[in-house]
Amino acid sequence: MDMIKRETYMSRIRPFIGTDLVKVLTGIRRSGKSVMLDLIQEELAENGVERRQFIALNFEDMSNAPLCTAMALHEEILRRVQQISGKVYLFFDEIQEVEGWERCINSLRVELDCDIYITGSNAKLLSGELATYLAGRYVEFVIYPFSFAEFTELYHSVYLEADTRQCFSRYLTLGGMPYLSNLRYEDMACRQYLRDLFNSVELKDIVKRNHIRDVDMLERIISYITANIGTTFSSTTISKYLKSEGRSVATETVLNYIRACTDAFLFYQVKRQDLQGKKILTVNEKYYVADHGIREAVFGQNQRDIQLVLENIVYMELLRRGYTVTVGKVDDKEIDFVCEDHGDKLYVQVAYLLASEETVRREFGAFSGIRDNFPKYVVTLDEFDMSRDGIKHRNIRDFLLADEWN
């Protein structure tokens, strides 16, 4: 597979290389966490660290099954370290497969002169026992599927003649899972891969990890959320919908199943914020899917639901760039994304096309109740710039490829 440098992530990880903080890389299965470990090793080697100082283990590799307890892994690392002089660099992929891994990692951190990197496919990796063993001693980096810029870079390496519009058309359907470049972005192969990936996330990271017995119910809930990405609903809404389908389920069960999906990074929950009262609203969140290509492969209809898919793409880009994102509410108006990062703020409204004056008024008018001077964007597929009243209008391709938004 062609490796792209993923500098967005490397620039965040780089300051912590060589420190005694444990570097934790999380994100949906197959989002490129293993490749990030390879990129870190490449950089270390380029900076003079000898590769014999690296110990790398992937715990989804069956040959490492005997090491999947804290004691066995601890003993194996201590044995290997005997052969290494100087600092040791430890790379543990899918560490959640190791029973009691927290104790092992903490012990190695204390005992050895080492630099530790671990990956995992569950948001709960950093809760529970870990809070006790490693509180304040780790830094987390969430690794997302490819951005449009990253996708374009690899797509061009396969199809040299493709222009930005063609790249975006393919991105809209295929999404950003890194492995697709190995399949040369061929439709049938990519869809099969993405369906298998979805099944793997569902089975390994949701069903097995959470001991879910009613898989049919889980799949109905996943289908509902996937069909309704970017729309406001509550667990009660889903409960009522399922009841109408002849499946009675408690709201609490729906909540637990949704939580299991967000823990596996399949969905992201976005809370609503009252911008006047400056408070987070407790009902009716929105959800977006980690990769819109999975949505197309498993459920289809990305073209039919293009407005929602464009929103999904923009939301994931905002996360990649480090923003904390909420949905904004001002009186009866809603702003798709209110984005904050260390005091900086950005407002983004996403639409398919500004096809009528009524649509223009609605999308630009969403900002009318906001009095601050932070940047405000309307992002669409239109080719013509319709910026007005200090509000910037951008074509979505240009918006996603821009180095910065100001």
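The values are calculated or read from the model by the stated rules, or taken from the named source; none is laboratory data. Since we're looking at a predicted model, the values are computed, not measured. A quick note on method: Cβ atoms are made from the backbone with ideal geometry, for glycine too, and the neighbour counts reach across all protein chains shown. For the accessible areas, the whole protein counts, side chains as well, though only heavy atoms, and no ligand, DNA or RNA atoms are used. Shrake-Rupley method; radii C 1.70, N 1.55, O 1.52, S 1.80 Å.
For the range 217-240, which positions are of a type in the set (F, W, Y) and at pLDDT below 95?
F233
So, restricting to helices (runs of 4 or more DSSP H) that lie completely within the range 143-229, which ones have at least 1 residues that are open to solvent by 10 Å² or more (accessible area, probe 1.4 Å) and among the basic types (K, R)?
Fully inside the range 143-229 and qualifying: 164-174, 187-200, 215-227.
Could you tell me whether S107 is under 30 Å from A70 (Cβ atoms), touching a residue at least 12 places away in the same chain (Cβ under 8 Å) and of a type in the set (G, A, S)?
yes
If I go through the range 287-302 residue by residue, how many of them are aliphatic (A, V, I, L, M) and either more than 19 Å from the chain's Cα centre (by Cα) or open to solvent by 30 Å² or more (accessible area, probe 1.4 Å) (or both)?
The number of residues fulfilling the criteria is 1.
Anything in the range 62-92 that is out of contact with any helix residue (DSSP H, G or I) (no Cβ under 6 Å at 6 or more places or on another chain), outside any helix (DSSP H, G or I) and either open to solvent by 70 Å² or more (accessible area, probe 1.4 Å) or among the hydroxyl-bearing types (S, T, Y) (or both)? List them, or say none.
T69, Q82, Q83, S85
Which ones in the range 259-271 are crowded, with 19+ Cβ neighbours inside 10 Å and not small (G, A, S)?
C261, D263, F265, L266, F267, Y268, V270
Among what's in the range 106-131 and is at pLDDT 95 or above and among the β-branched types (V, I, T), pick the residue that is nearest to R14 (Cα to Cα).
Among those that are at pLDDT 95 or above and among the β-branched types (V, I, T), it is I116.
Is it the case that some residue within the range 174-191 is aromatic (F, W, Y), at pLDDT 95 or above and under 19 Å from the mean Cα position of the chain (by Cα)?
Yes: the range 174-191 contains one or more residues that are aromatic (F, W, Y), at pLDDT 95 or above and under 19 Å from the mean Cα position of the chain (by Cα).
Given the criterion in a helix (DSSP H, G or I), open to solvent by 10 Å² or more (accessible area, probe 1.4 Å) and not aliphatic (A, V, I, L, M), identify the matching residue among N256, N284.
From the options N256, N284, the qualifying one is N256.
When you scan the range 105-118, how many residues do you find that are β-branched (V, I, T), open to solvent by less than 10 Å² (accessible area, probe 1.4 Å) and in a helix (DSSP H, G or I)?
1
Any residue at all in the range 317-336 that is open to solvent by 30 Å² or more (accessible area, probe 1.4 Å), β-branched (V, I, T), farther than 22 Å from Y171 by Cβ and without any contact (Cβ under 8 Å) to a residue 60 or more places away in the chain?
So far as the range 317-336 goes, yes, one or more of its residues are open to solvent by 30 Å² or more (accessible area, probe 1.4 Å), β-branched (V, I, T), farther than 22 Å from Y171 by Cβ and without any contact (Cβ under 8 Å) to a residue 60 or more places away in the chain.
Of a type in the set (A, V, I, L, M) and open to solvent by 80 Å² or more (accessible area, probe 1.4 Å): which single residue out of A351, A355, A366 fits that description?
Residue meeting the stated conditions: A355.
Kindly list the number of the only condition in (1) β-branched (V, I, T); (2) in contact with a Gly (Cβ under 7 Å, 6 or more places away or on another chain); (3) modelled with pLDDT of 95 or more that fails for V330.
Here V330 clears every test but (3).
Any residue at all in the range 38-55 that is in contact with a strand residue (DSSP E or B) (Cβ under 7 Å, 6 or more places away or on another chain), surrounded by fewer than 16 Cβ atoms within 10 Å (Cβ to Cβ), hydrophobic (A, V, I, L, M, F, W, C) and not in a helix (DSSP H, G or I)?
No, there is no match, as no residue in the range 38-55 is in contact with a strand residue (DSSP E or B) (Cβ under 7 Å, 6 or more places away or on another chain), surrounded by fewer than 16 Cβ atoms within 10 Å (Cβ to Cβ), hydrophobic (A, V, I, L, M, F, W, C) and not in a helix (DSSP H, G or I).
Which one of the conditions (1) in contact with a helix residue (DSSP H, G or I) (Cβ under 7 Å, 6 or more places away or on another chain); (2) within 16 Å of I229 (Cα to Cα); (3) in contact (Cβ under 8 Å) with a residue 24 or more places away in the chain does L354 fail to meet, given that it meets all the rest?
(2)
So in the range 93-104, with the set limited to residues that are open to solvent by less than 30 Å² (accessible area, probe 1.4 Å) and within 16 Å of M71 (Cβ to Cβ), which one is farthest from the chain's Cα centre (by Cα)?
C104
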